[in-house]
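Worksheet: the structure to be examined is printed underneath.
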Amino acid sequence: MIYHSIRMKAKAGVTPQQVEEALESMREHGRVVPAVRTYVVGRDHGGDFDWGGVFVIEDLDGYWEYLTHPAHARTDRIGMPLVERYESFDITDDGDPDLGAKIADLHRRRYEADPELAALVGTPTRS
């Protein structure tokens, strides 16, 4: 299993309504992306972040489905303009020592296929 985690700190001036719209979009992609086994979205306690989410995905095929699903892209487009900073990381019980590199490659492929999204999240694409 892969536990995909996101932590976010809202920009100054972001309204509670904007935050709730972004969080509801995260919940929606948790509900509608078939690869998501379970999820939680809510307040982040234990660091310098305001909000977060964890999405449990079975394997790399499911991770790719999650990354490329239109509901996930919608969440990025709603939420990223509201975020001062964010942290995304994965925890897994998979024994593959190359899994981290494989996950990074999925992210790279996603951003290469969608340069607008890459610019929105601050991820450079290769030329």
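The values are calculated or read from the model by the stated rules, or taken from the named source; none is laboratory data. Quantities reported herein were computed from a predicted structural model and do not represent experimental measurements. Note that each Cβ is placed from the backbone with ideal geometry, even for glycine, and that neighbours are counted across all protein chains shown.
Test LEU60 against the criterion of being closer than 13 Å to LEU82 by Cα, surrounded by 15 or more Cβ atoms within 10 Å (Cβ to Cβ) and modelled with pLDDT of 95 or more, and give yes or no.
No: the conditions fail for LEU60.
What helices (runs of 4 or more DSSP H), lying completely within the stretch 10-127, carry at least 2 residues that are touching a residue at least 24 places away in the same chain (Cβ under 8 Å) and in contact with a Leu (Cβ under 8 Å, 6 or more places away or on another chain)?
It comes to 16-32, 60-68, 70-79, 99-113.
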